[in-house]
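The values are calculated or read from the model by the stated rules, or taken from the named source; none is laboratory data. Just so we're clear, the structure is a prediction, and the values are computed from it rather than from any experiment. For neighbour counting, all protein chains shown are included, and Cβ atoms are generated from backbone atoms with ideal geometry for every residue, glycine included. Areas reflect the complete protein model, heavy atoms only, side chains present, ligands, DNA and RNA absent. Shrake-Rupley method; radii C 1.70, N 1.55, O 1.52, S 1.80 Å.
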Amino acid sequence: MDQDLSQLAFPLLLACAAFAWLLGQKRDRLGQLAQTALTWALVATGALGLYGLWSEVGQSTAQQSVFATEGRIELPRARDGHYYLTAEVNGTPITFTVDTGASEIVLSAADARSAGIDTENLAYIGRAYTANGEVRTAPIRLDSFAVGGIEDRRLRAFVNEGAMDGSLLGMSYLQRYSKIEITNGALTLTR
């Protein structure tokens, strides 16, 4: 949030300087000054709107690429700075945050239910220590975990009993790749 405000500071300062210059040049014709200022404000608003729309379009079109024959997955960096991987877990698409700080594959309760896992009858015998504190976890096996043509079976994972915005893809999955590389805003996993 502070970074967004700092990015607006220079254009705002520039606009104030331009307005002050216009006020000095046209002080005897204030009606014309108001019309000119309004015109430029509308042009600037339109330009900022188009820039924002273009940024959103660019972000929404950036998708993961899977090159199954080469055993490679490329993930673009999202606007929030994270990398997300969408996999079919037991045939259901689930989006994971790639988290090298997580040891395991951890499903939120909602994602686990979407993948056909009965979260009510799991044994929440494990403990995980997160930034939000300690949570209980239940060990499970995923029948299938497929990213395009790259598929793994019977992967060990955990269901988090606590509140969780999404699922995490930790090192137990990432270590299946011989090379993990970040280049030009993309995370590449290669088997």
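Odds and ends about this structure:
- Radius 11 Å from Cβ of Tyr173, net charge of other residues (Lys, Arg +1; Asp, Glu -1): -1
- Charge tally in the Cβ shell below 10 Å around Ile94, where Lys, Arg are +1 and Asp, Glu are -1, Ile94 excluded: -2
- Shape of segment 78-151, Cα gyration tensor, a/c cut at 1.5: oblate
- Note on Ala123/Ala68: beta-carbon distance plugged into 1/(1 + (r/R0)^6) with R0 of 30 Å gives a FRET efficiency of 0.30.
- Under-5 Å amide H pairs with Leu187, H placed in peptide plane, nonlocal only: Leu75, Arg77
- In this structure the amide hydrogen of Thr130, modeled in the peptide plane, comes within under 5 Å of the amide hydrogens of Val135, none closer than 5 places in sequence on its chain.
- Accessible area in the full protein assembly, largest first, 1.4 Å probe, for Phe19, Phe96, Phe67: Phe19, Phe67, Phe96
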